[in-house]
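Participant: Let me give you the structure first, and then I'll get to my questions.
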Amino acid sequence: MISVRNVYKSFGSQVVLDGVTMEIEPGKTTAVVGPSGVGKSVLLKLIMGIMTPDEGEIFIEGENITAARSESRKNEIRRSLGVLFQAAALFDSLTVYDNIAFPLLERTGCSALRAHEKVLDIAESLSLTPYLTNFPEQVSIGIRKRVGMARALVTEPKVVLVDEPNTGLDPLDGQEVYDLINACKSQWGFTGLVISHELPEVFQVSDRVAMLLGGQVICEGTPAELIASTDPAVQQFLNGRTDGPIKIQ
């Protein structure tokens with residue numbers, strides 16, 4: 001579904017990704033975890049085609065997004081993707097309805113009538129119908145996350161990318177987001193990629209986990225396999241210790 005092959009990315013003398021290779025399996029959700037600053041968000045931007053790797057290739061549904069030279073070609077490949085950004089990243093000047101409709105009208109060429117039908121359908125599925133005329137500032141963070149998920153799903157993507165799903169949320173709101181991801185995955189059956197530094201909370205939405213450190217994937221497997229890893233860096237990160245091979249910046 002998504003294939004990351006020997007990807008390198010540096011910014012000046014700082015090597016962020018140093019030959020990352022990983023496969024995001026169809027129908028499953030993979031979490032990419034690791035301390036802050038290890039390149040998780042950079043990897044997400046490379047997959048989205050917002051950045052270009054120095055070396056390596058990324059394939060989405062068999063299409064090489066790193067080889068796409070025009071924005072229109074990248075947009076064709078991106079149609080397979082839906083994205084739930086940190087803090088939902090809604091347009092403050094648009095209503096909930098218009099936020100959900102935005103990708104349909106801007107990216108798919110969907111008619112206004114068909115877009116209206118799809119917005120109403122997904123709003124009903126995610127219990128957002130009472131909020132369609134509200135602006136983001138008028139609803140709770142939990143509702144904003146639901147709107148962000150509706151916007152990610154309304155184009156019927158095969159892959160949903162989730163960037164730091166519970167950043168800045170209290171435990172109850174954070175759990176609501178994880179419940180939302182699981183419920184949507186069950187209903188729509190998408191392939192998921194979740195970027196997170198929150199352990200073990202992210203395990204509840206993950207079939208597989210890949211830990212980034214030092215620009216490379218140092219451990220990959222099921223959540224149980226990550227927990228059982230004997231790698232000292234993995235155990236330090238899992239247990240939130242300051243002593244160990246991971247140096248606190």
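Just so you know, all these numbers are worked out from the coordinates, no wet-lab data involved. On a predicted model such as this, the values are computed, not experimentally measured, just so you know. So basically every Cβ, Gly included, is an ideal-geometry build from the backbone, and we count neighbours across all protein chains shown.
Participant: Check T21: other-chain or 5+ apart residues with amide H under 5 Å from its amide H, H built from backbone geometry?
Facilitator: N6, V7, V217
Participant: Taking a ≥ b ≥ c as the square roots of the Cα gyration tensor eigenvalues, with a/c under 1.5 meaning rounded and otherwise prolate when a/b beats b/c, else oblate, which class fits the range 1-91?
Facilitator: Because its axes are fairly even, with a/c under 1.5, the range 1-91 counts as rounded.
Participant: For the range 1-109, what's the relative contact order in percent, using C-alpha pairs closer than 8 Å and at least 6 residues apart? Kindly include the intermediate steps, with their values, before the conclusion.
Facilitator: Details: 119 pairs, mean separation 25.8, N = 109.
Answer for the range 1-109 is 24 percent.
Participant: With θ set to phi - 60°, apply the Karplus curve 6.51 cos²θ - 1.76 cosθ + 1.60 along the range 236-244 and write out the HN-Hα couplings as whole Hz, x wherever there is a Gly or Pro.
Facilitator: 4, 5, 4, 9, x, 8, 8, 8, x
Participant: Taking the Cα centre of each part, how many Å lie between the range 158-175 and the range 10-63?
Facilitator: Cα centroid of the range 158-175 versus Cα centroid of the range 10-63: 19 Å apart.
Participant: Taking the Cα-to-Cβ direction at S127 and at D173 and moving 7 Å from each Cα, how far apart do the two end points lie in nm?
Facilitator: With each label point 7 Å from Cα toward Cβ, the separation is 1.7 nm.
Participant: Whose amide H sits under 5 Å from the amide H of V16, counting only residues 5 or more places off or on another chain, with H placed in the peptide plane?
Facilitator: K9, S10, F11
Participant: Between T21 and D92, what is the FRET efficiency for a Förster distance of 51 Å, r being their Cβ-Cβ separation, to the nearest 0.05?
Facilitator: Working: r = 39 Å, r/R0 = 0.77.
After rounding to 0.05, the efficiency reads 0.85.
Participant: Given a Förster distance of 22 angstrom, what is the FRET efficiency for R241 paired with E201, based on the Cβ-Cβ distance and rounded to 0.05?
Facilitator: Once rounded, the FRET efficiency stands at 0.80.
Participant: Here's a follow-up. When the helix-only estimate is applied to the chain (DSSP H runs of n ≥ 4, each -39,500 (n - 2.57), divided by the residue count), what is the mean residue ellipticity at 222 nm, nearest 500 deg cm²/dmol? Display every interim value, and only then the final one.
Facilitator: Values: 8 runs with 84 residues, N = 249.
Calculated mean residue ellipticity at 222 nm is -10000 deg cm²/dmol.
Participant: Modelling each spin label as a point 7 Å along the Cα-to-Cβ direction, I'd like the K28/A112 distance in nm, to one decimal.
Facilitator: Using points 7 Å along Cα→Cβ, the separation is 4.6 nm.
Participant: Whole percent per 5 Å bin, from 0 to the bin with the longest distance: what is P(r) over all C-alpha pairs of the range 31-133?
Facilitator: 2, 11, 17, 18, 17, 15, 13, 6, 2, 0
Participant: Give me a comma-separated list of calculated 3J(HN,Hα) values for the range 46-52, in order, Karplus coefficients 6.51, -1.76, 1.60 applied at θ = phi - 60°, integers in Hz, x for any Gly or Pro.
Facilitator: My calculation for the range 46-52 gives 5, 5, 6, x, 6, 10, 10 Hz in order.
Participant: When averaged across all projection directions, what area in nm² does the alpha-carbon convex hull of the chain cover?
Facilitator: Over all viewing directions, the chain projects a mean Cα-hull area of 13.7 nm².
Participant: Work from the charge dipole of the range 22-175 (Cβ charges, +1 for Lys and Arg, -1 for Asp and Glu, about the Cα centre) and give the residue of Q86, I100, S111 farthest towards its positive end.
Facilitator: Value: S111.
Participant: Can you work out ³J(HN,Hα) from phi for every residue in the range 61-69, in order, using Karplus 6.51 cos²θ - 1.76 cosθ + 1.60 and θ = phi - 60°, giving whole Hz and x for Gly and Pro?
Facilitator: Each residue's phi maps through the Karplus curve to give 6, x, 9, 7, 6, 6, 8, 6, 9 Hz.
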